[in-house]
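What follows is calculated from the coordinates using simple rules that are stated; it is not laboratory data. As the structure is a computational prediction, the values presented were derived from the model and not from experiment. Glycine also receives a Cβ, built like all others from the backbone with ideal geometry; neighbour counts cover every protein chain displayed.
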Amino acid sequence: MNARLEVAMLIQGYLPRVGGAERQLAYVAPLLQAQKVRVDVITRRYRGLTAFEVVDGVPVHRMPVPGPKALASLSYTVAAVSLLRRLRPNVVHAHEMFSPATTALAARAVLGCAVVVTAHRSGVLGDVYRLQRRVLGAQRINALRRNVDAFVTISREIDSELEALGIPAEQRVFIPNGVDTERFAPLPPDKKQAMRAMLGLPADAPIVIFTGRLAPEKQLDKLVLLWPAVRARVPEAVLLIVGTGDELPGLKTLAEAGVRFAGPVENVAQYLQAADMFVLPSLAEGLSVALLEAMAAGLAAVATSVGGTPEVIEHEATGWLAPPGDSAALRDSLITLLNNPDCRIHLGQRARERVIRDYTLSASVVKLRGVYEVVSERAAHKRGLS
């Protein structure tokens, strides 16, 4: 396709608000621009944020969302469609099956552009489950099935959920999240010690790290509560929680000795490079960007077997799996690996190999650009026939 691709990304939140979907889009958008894809991000305007700014070379447009939830969604859609009429993208890519997808379908009706949708979570907290239980959920699903050109699935579980909705295989494209394996790479021991010193972390203590949004589904309260039992077996162990969110005040209240909070940080890679293990105790996930980053950094990960995690981690081969909600299993897994540094190092090496093989950011971007080319060309052909 010779014409320049122009893509509008619709997402509920964007930088500096950070979650897995936001972080993945923030990684992908500049790389797409480097491949001659014009990218505009259209998101919601939250308190303290400007209506427009350029972030890492990517224009970010923040739509007003006043009043209660229903009015906020309507305001977002109306304002976003008005903006899209001016931008006239080839493709509108909605990140979530709720108001971003609704807005994308409205844009399609007005502009005749192609529509791509990505659901970022599966299970009881995922898009499919929640949409099925919404008012007019069946009608909304039917509209998506008829009018979305491609669903990007980031995990096999999400792909199976969409298949169960009757979305055919030719409409589903598997493109898992990816990470920059050069930025997220392990450090040799001397540089790791220097990194700890720079970040003010203990030189010799084994450090277990969590990075990401401090949200209820991450089950960090259970992790913090079981940490004294871990410390009873590994007295010097430190739990380092990197990130921010609504759960932070409550977690600080629960925390005892050996739990540290780094808050929001600009360079997550440095903290991963300073740590010894990664933990992800979530109740629900899509395909965790934080997990992929930790694995790329050569960390053994203890994670709950939810969402796309079991697709990435083979138990006792590329990491360690525990059942979701099972605090005792999570505690025992952490203690086992903390007491076995050789196993920990081996798992970390295998984890990095796994990510390099199947989850690089560059591969994700190439595949995504290919999807945009196909659906854009198809939409242009349809417009030519009408």
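Fewest Cβ neighbours within 10 Å first, please rank ASP204, ASP326, ASP127 accordingly. Mind dumping the intermediate values first?
Numbers: ASP204 8, ASP326 15, ASP127 22.
Sorted ascending by nearby Cβ count, the order is ASP204, ASP326, ASP127.
What per residue convex hull volume, in Å³, comes out for segment 189-358 when only alpha-carbon positions are used? Before the final figure, lay out the partial values.
On the way: hull volume 17.3 nm³, N = 170.
Looking at segment 189-358, the number lands at 102 Å³ per residue.
Using R₀ = 56 Å, calculate the FRET efficiency as 1/(1 + (r/R₀)^6) where r is the Cβ-Cβ separation of THR336 and ALA169; round to 0.05.
Details: r = 40 Å, r/R0 = 0.72.
In this case the efficiency is close to 0.90.
Report the gain in length on full extension from ARG38 to ARG357: 0.36 nm times residue separation, minus Cα-Cα distance, nm rounded to one decimal. Kindly include the intermediate steps, with their values, before the conclusion.
Numbers: separation 319, 0.36 × 319 = 114.84 nm, distance 2.83 nm.
Answer, rounded to one decimal: 112.0 nm.
With N set to the residue count of segment 170-225, report its C-alpha Rg divided by 2.2 N^0.38 Å to two decimal places. Display every interim value, and only then the final one.
Numbers: Rg = 17.1 Å, N = 56, 2.2 N^0.38 = 10.2 Å.
Computed over Cα atoms of segment 170-225, the ratio equals 1.68.
Of the listed peptides 274-285, 241-252, 171-182, what is their order by residue-averaged count of other C-beta atoms within 10 Å, with the highest listed first? If you can, show how the numbers build up before the last one.
Details: 274-285: 24.6, 241-252: 17.1, 171-182: 18.9.
My ranking of the peptides, most packed first, is 274-285, 171-182, 241-252.
For LYS252 and ARG383, calculate 0.36 nm times their separation in residues minus their Cα-Cα distance, and state this gained length in nm to one decimal.
Working: separation 131, 0.36 × 131 = 47.16 nm, distance 5.60 nm.
The span from LYS252 to ARG383 would gain 41.6 nm if fully extended.
Based on Cα positions only, what radius of gyration and what Dmax would you give for segment 1-130, in angstroms?
14.0, 44
Hey, what number do you get for the chain at 222 nm if only DSSP H runs of n ≥ 4 count, each worth -39500 (n - 2.57), divided across all residues, to the nearest 500?
Working: 15 runs with 179 residues, N = 386.
Computed ellipticity for the chain at 222 nm equals -14500 deg cm²/dmol.
For segment 189-358, calculate the relative contact order in percent as a whole number, restricting contacts to Cα pairs under 8 Å that are 6 or more residues apart. Walk me through the numbers before you get to the answer.
On the way: 303 pairs, mean separation 37.0, N = 170.
22 percent.
Pick from TYR372, TYR76, TYR46: which residue has the top mean-square fluctuation in a GNM of the chain where Cα pairs under 10 Å get a spring?
TYR46
Taking springs between alpha-carbon atoms closer than 10 angstrom, which of ARG47, ARG344, ARG331 fluctuates most in the Gaussian network model of the chain?
ARG47
Looking only at the chain, where both bridge partners belong to it, what percent of the DSSP beta bridges are antiparallel (to the nearest 5)? Please list the in-between numbers first.
Details: 4 of 51 bridges.
Beta bridges within the chain, antiparallel portion: roughly 10 percent.
Could you tell me the convex hull volume per residue, in Å³, taken over the Cα atoms of the chain? Kindly include the intermediate steps, with their values, before the conclusion.
On the way: hull volume 54.1 nm³, N = 386.
So the per-residue hull volume is 140 Å³.
Using a Förster distance of 41 angstrom, determine the FRET efficiency expected from the C-beta separation of ALA197 and GLN132, and round it to 0.05.
Numbers: r = 51 Å, r/R0 = 1.25.
Between ALA197 and GLN132 the formula returns 0.20.
Taking 7 Å along the Cα-to-C-beta vector as the label spot, tell me the ALA72-GLN139 distance in nanometres, rounded to one decimal.
Each label point lies 7 Å from its Cα, and together they span 2.4 nm.
What would the Debye equation give as log₁₀ I(q)/I(0) for segment 288-339 at q = 0.24, 0.27, 0.31 Å⁻¹, counting only Cα atoms as equal point scatterers?
For segment 288-339, the Cα-only Debye profile gives -0.93, -1.13, -1.32.
Only bridges with both residues in segment 1-104 count here: give the DSSP antiparallel percent, nearest 5.
Numbers: 4 of 19 bridges.
Here the antiparallel bridges make up roughly 20 percent for segment 1-104.
For the chain, set up a Gaussian network in which alpha carbons nearer than 10 Å are linked by springs, and say which option among ALA351, ALA101, ALA262 fluctuates the most.
Its mean-square fluctuation being the largest, the pick is ALA262.
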